[in-house]
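Here the structure is laid out as structure tokens; the discussion comes afterwards.
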Amino acid sequence: MTGVQPAAGATRPAGTTPPKVRRGGRSARIGAVAMVAVVAVLVYLPFMSSRGTQIDLVGLFSLVVLGTMWNLLAGYGGMISIGQQAFIGIGGYGLVYLATNLGLDPFLAVPVAAVVCGLVAWPTSYLAFRLTGGYFAIGTWVIAEVVRLLVTQVDAVGAGSGASLTAFSGLDPVFRIAYVYWMSLTIAVVVVLGVYLLMRSRTGLALTAIRDDPTAAASSGVAVDRAKRLVYVVAAAGCGLAGAMIVANTLRVQPGSIFSVDYSAMMIFIVVIGGIGTIEGPLVGAIVFYLLQDTLAELGNWYLVVVGVVAVVITLVAPKGLWGLTRGRVELFPVGYRVGPRG
Amino acid sequence: MNTVNAVVQGVLLGGLYALVAAGLSLVFGVMRIVNLAHGVLAVLAAYGSLLLGEHLGWNPFLSLLVVVPAMAALGYALQRALLDRALRGGELAPLLVTFGLAIVIQNLLLETFSADTQRLDVGAFGGASIELTDGLAIGWFPLLAAAAGVLVIAGLGQFLARTRTGRAMRATSDDQEAAQLMGIDNRRLYAVATAIALGTVAIAGVFLGSRSTFDPSAGATTLIFAFEAVVIGGLGSLWGTLLGGVVLGVAQGLGAAIDPAYGVLAGHLVFLAVLAVRPRGLLPSAVTA
Amino acid sequence: MSELTNEHSRSANATDERQRGGHVSSAPLLHVDDVDAGYGDVPALRGLTVTVAEGETLAVIGANGAGKSTLLKTIAGVLRPTRGEVRFDGRVVTALSAHQRVGSGISLCPEGRRLFPSLTVEENLQVGAYARRPGPWDLPAVYELFPLVAERRARPAANLSGGEQQAVAIGRSLMANPRLLLLDEVSLGLAPVIVRQLYAALPRITEQGTTVLVVEQDVHQAISVADRVQCLLEGRTVLEGAADRIDPAELAAAYFGVRR
């Protein structure tokens, strides 16, 4: 927990003023202003940058969404999934199928594809939740493999060779890229804010309780399974959005790449490097991962070796990640409460 | 006849799946961690055997004499250097560390050996078979591989049931703190368990690599098949795992008999079906070990 | 259940020599020296000192939360003290881990028995001998001490009654051939008649020369088996004395922390 709760049953010596309980502080207010400024700049960016930059940034936004979703699962829900590529793929394929085969407007098809992901995740959770811990992790992976193998059999979306997103073909590339960029930025902002608001809600409190002590949370009346299922469904929808973003950006979907377990590796590395269990961590992790990807690109496979080693070392040495190095002094998204003297 | 053949081949393959799974179960039983690098470590062993074959001309069987102890030593060191630390970091840390390790090893293999598919060469023996009836033949090598799987699993079972260290592992699995009060050094025991797990997975890796082709990414399916064998059979039961491996192998064989593309999928679907209707597996043990 | 303990005495020859020698070592076998220990910020033991001489049976009593179990865990090495030292046989063992202390002759029979449920009774006893310390206790000796345990040897430990489980737990600790046996709440959840039967085995254990530290909430039972009694309150000693000379009224006051 980031905040400090008053100890249960703590008594206050007579003659002192009650402590002031507050959420956030000066750093959060400064941070909020800074973030609004950053988003404003990002909104304006297509008017002053190349198409290549916009395409690159959509890649970064998808990393932000993926990291945030994986952090929601693992950092807040306590579920390690290595099968989120199932929903990335369904989101990507959903966009192509809805827009190309059913003629839906692609910008409308993106949220619809995310809803489809949520609808698939809900019954799937009943199977996956029969497993816990590491076995849950591999179970989600099997589910992703099943989805991949099934999609490979569907001729309507190009079976094993994949399909192209042709719905944008009437649009000038300049506009198409800018629209996709704005859509992706919107999705990234909505997803991050959405998780922030979720964690400030009652459900967020329940999730924190589950993460800290599942047995106690269950006996104190928190519906553990329901909260975890909600997280699983939301994370699936979020990963679906990311998948749709990726396909809208590259205009191409292939079962081998969109269902690749490498996405899970990316998500895990982003969250571990940035800092698990915080809203800010995945943001930092996504940016670091994005920069590393750029600088280490010529290293080929060594790049994943380096990132993997970094993630292992961070897990063992600094389990709270880069954001943890701030030791809670900086808090952009205040979830917990602080207790301090009044005034 | 095709069906009978598929079943027979599936049964033989199941023995190897169970062998991979046995190490996964052992580590989980003793330390309650799932080693997500388990599959890629089997592949690493296969590449080790490949190197010995290329440079020294060693037969895969002969290479086991070096690969198995080397992998066991690696397991011991890995436990001492990385996993012990990860165990102290809570529930998520061992998963994150072993997954990171899997990615690192896989990409190191990719960088060293390229993505080309490889196969270990067991010589003329690899193609020899016993003709049972017209159209049904059992290859000597798959038979030997399955027998090795059953033998190692039986040996592991005897080790856990009869030896002082095996008993200590079961005791630690039941109650780690109480086991320490009996004088059991749990850290040493963990390292021994991981060493045994990697020794057995090395055997499995070399046999799998001789039976069919592999590449650096083969660790993923190896881990998944082993996991499916464990869950189908029932957690904590070695013989259940063997049954689970056989069921998985047969499902894959029958699926592939219908259409080669359905083999792996059929295995996954049987796994999901077991998870849905019999989540404790086909042969659940009374107490999870 | 009546035959839980074998009432017939078994000649104790293994450690006769130690007792016959009659040499009284100047240092106590166990010396817990000015120890703070506990969980989190509030120590359960506060500057506590406990000494036990070789061959002695000490009963540590006290109400819930007095620090009795914390004391045993600190001696056994499950818990590290934040201050002070634990010396055993003249050697500082504070830094030794629990499994190393078993090797040097300290064995804790933990609260709540903590048998290994998936192992049989006999396997539980065999695991008790994991440290391979030589001494009088082996499977036949434990079976002779607790004949009922012998009858249940092939059963899974999880299938036994509470009293049977406690007998196995004590036997399992004996299998380590400890010089110092720590018994934590033997009576917990057991009927008085069973508790008496279990404690009836204690003289047979001490006559082997084993030093025993008993922690009990059942004060009368504790006093009846001990040479000396030490009463704790909030992690400190509030009363100690020879078991046969302790004043019941004074003990009751100390136990409940009533000032007189």
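Among the criteria (1) modelled with pLDDT under 95; (2) part of a helix (DSSP H, G or I); (3) touching a Leu at 6+ places or on another chain (Cβ under 7 Å); (4) not acidic (Asp, Glu), the one residue C:158 does not fulfil is (3). The strands (runs of 3 or more DSSP E) located wholly in the stretch C:34-114 that include 3 or more residues which are in contact with an Asp or Glu (Cβ under 9 Å, 6 or more places away or on another chain) occupy C:42-52, C:57-62, C:83-88.
Scanning the stretch B:216-245 for residues that are in contact with a Phe, Trp or Tyr (Cβ under 9 Å, 6 or more places away or on another chain) and among the hydroxyl-bearing types (Ser, Thr, Tyr), we see that the one that is nearest to the other protein chains (Cβ to nearest Cβ) is B:222. Go through the residues of the stretch A:284-299 one by one and say whether even a single one is touching an Asp or Glu at 6+ places or on another chain (Cβ under 6 Å) and within 14 Å of another protein chain (Cβ to nearest Cβ). No; the residues of the stretch A:284-299 include none that is touching an Asp or Glu at 6+ places or on another chain (Cβ under 6 Å) and within 14 Å of another protein chain (Cβ to nearest Cβ). Scanning the stretch C:123-151 for residues that are outside any helix (DSSP H, G or I) and either touching a residue at least 60 places away in the same chain (Cβ under 8 Å) or more than 23 Å from residue B:165 (Cα to Cα) (or both) yields a count of 4. The residues on offer are C:216, C:185, C:250, C:234, and the sole one that is touching a helix residue (DSSP H, G or I) at 6+ places or on another chain (Cβ under 6 Å) and among the acidic types (Asp, Glu) is C:216.
Scan the stretch C:194-219 for residues that are in a helix (DSSP H, G or I) and under 17 Å from residue C:240 (Cβ atoms) and the total you get is 1. Within the stretch B:124-171, being surrounded by 12 or more Cβ atoms within 10 Å (Cβ to Cβ), β-branched (Val, Ile, Thr) and in contact with a strand residue (DSSP E or B) (Cβ under 7 Å, 6 or more places away or on another chain) holds for one residue alone: B:138. Criterion applied to B:266, B:261 was being small (Gly, Ala, Ser), surrounded by fewer than 19 Cβ atoms within 10 Å (Cβ to Cβ) and free of Cβ contacts under 8 Å to residues at least 60 places away in the same chain, and the one residue passing it is B:261. Summed over the stretch B:160-187, residues that are within 7 Å of another protein chain (Cβ to nearest Cβ) and not in a helix (DSSP H, G or I) total 5. Being within 14 Å of another protein chain (Cβ to nearest Cβ) and assigned to a helix (DSSP H, G or I) is the filter; apply it to the stretch B:27-43 and report the residue that is farthest from residue B:74 (Cα to Cα). Ranking the qualifying residues of the stretch B:27-43, first place goes to B:29. Within the stretch B:44-83, the set of residues being farther than 25 Å from residue B:221 by Cβ, of a type in the set (A, V, I, L, M, F, W, C) and more than 14 Å from every other protein chain (Cβ to nearest Cβ) comprises B:56, B:58, B:62, B:65, B:66, B:73, B:77.
Give A:322, A:292, A:296 a once-over and let me know the one that is of a type in the set (A, V, I, L, M, F, W, C) and free of Cβ contacts under 8 Å to residues at least 12 places away in the same chain. Please lay out each step first, then the result.
Values: A:322 fails: free of Cβ contacts under 8 Å to residues at least 12 places away in the same chain; A:292 fails: free of Cβ contacts under 8 Å to residues at least 12 places away in the same chain.
Sole residue among the options that is of a type in the set (A, V, I, L, M, F, W, C) and free of Cβ contacts under 8 Å to residues at least 12 places away in the same chain: A:296.
Applying the criterion of being more than 7 Å from chain A (Cβ to nearest Cβ) and assigned to a loop (DSSP other than H, G, I, E, B) to the residues of the stretch B:85-112, the residue that is farthest from residue A:136 (Cα to Cα) is B:88.
Scan the stretch C:151-200 for residues that are surrounded by fewer than 18 Cβ atoms within 10 Å (Cβ to Cβ) and either over 16 Å from the mean Cα position of the chain (by Cα) or within 15 Å of residue C:113 (Cβ to Cβ) (or both) and the total you get is 13.
Being within 13 Å of chain B (Cβ to nearest Cβ), within 19 Å of the chain's Cα centre (by Cα) and small (Gly, Ala, Ser) is a property that holds for residue A:277.
Within the stretch C:177-185, none of the residues are touching a residue at least 60 places away in the same chain (Cβ under 8 Å), part of a helix (DSSP H, G or I) and among the aliphatic types (A, V, I, L, M).
Look at the stretch B:155-175: where a residue is farther than 21 Å from residue B:19 by Cα and a partner is surrounded by 15 or more Cβ atoms within 10 Å (Cβ to Cβ) and basic (Lys, Arg), sitting 6+ places away or on another chain with Cβ atoms under 7 Å, you get B:175/C:114. Could you tell me whether the stretch C:84-99 includes any residue that is at the interface with another protein chain (Cβ under 10 Å from one of its Cβ atoms), surrounded by 21 or more Cβ atoms within 10 Å (Cβ to Cβ) and touching a residue at least 40 places away in the same chain (Cβ under 8 Å)? The answer is no; no qualifying residue exists. Annotation: residue B:199 fulfils all but one of (1) crowded, with 22+ Cβ neighbours inside 10 Å; (2) free of Cβ contacts under 8 Å to residues at least 24 places away in the same chain; (3) of a type outside the set (Lys, Arg); the unmet one is (2).
Just a yes or no: is a residue in the stretch A:228-236 touching a residue at least 60 places away in the same chain (Cβ under 8 Å) and more than 19 Å from the chain's Cα centre (by Cα)?
Taking the stretch A:228-236 and keeping what is touching a residue at least 60 places away in the same chain (Cβ under 8 Å), we get A:228-229, A:231-236.
Imposing the further condition that a residue be more than 19 Å from the chain's Cα centre (by Cα) reduces the set to none.
Within the stretch A:228-236, none of the residues are touching a residue at least 60 places away in the same chain (Cβ under 8 Å) and more than 19 Å from the chain's Cα centre (by Cα).
Hey, which of the helices (runs of 4 or more DSSP H) in the stretch A:115-222, taking only ones fully inside, have at least 3 residues that are crowded, with 18+ Cβ neighbours inside 10 Å and at pLDDT 90 or above?
Working: elements: A:133-152, A:173-200, A:202-212, A:214-219.
The helices (runs of 4 or more DSSP H) meeting that bar are A:133-152, A:173-200.
Only one entry in A:311, A:265, A:286 is modelled with pLDDT of 85 or more, under 22 Å from residue A:30 (Cβ atoms) and buried (at least 22 other Cβ atoms within 10 Å of the Cβ), namely A:286. Among residues of the stretch C:110-122 that are more than 7 Å from chain B (Cβ to nearest Cβ) and in contact (Cβ under 8 Å) with a residue 24 or more places away in the chain, those with a beta-carbon under 8 Å from a residue that is of a type in the set (Lys, Arg) and surrounded by fewer than 22 Cβ atoms within 10 Å (Cβ to Cβ) at least six positions away or on a different chain give the pairs C:120/C:153; C:120/C:155; C:121/C:152; C:121/C:153; C:121/C:155; C:122/C:153. Of all the residues in the stretch A:254-274, those that are more than 11 Å from chain B (Cβ to nearest Cβ), part of a helix (DSSP H, G or I) and among the aromatic types (Phe, Trp, Tyr) number 1.
The single condition among (1) crowded, with 20+ Cβ neighbours inside 10 Å; (2) under 27 Å from residue B:253 (Cβ atoms); (3) out of contact with any helix residue (DSSP H, G or I) (no Cβ under 7 Å at 6 or more places or on another chain) that residue B:98 does not meet is (2). A residue that is at pLDDT below 90, assigned to a loop (DSSP other than H, G, I, E, B), among the charged types (D, E, K, R) and farther than 28 Å from residue B:220 by Cβ occurs nowhere in the stretch B:113-121. Checked against (1) basic (Lys, Arg); (2) more than 17 Å from residue C:88 (Cβ to Cβ); (3) at pLDDT below 90, residue C:18 meets all criteria but (2).
The values are calculated or read from the model by the stated rules, or taken from the named source; none is laboratory data. Worth saying up front: this structure is predicted, and the values here are computed from it rather than measured. Glycine also receives a Cβ, built like all others from the backbone with ideal geometry; neighbour counts cover every protein chain displayed.
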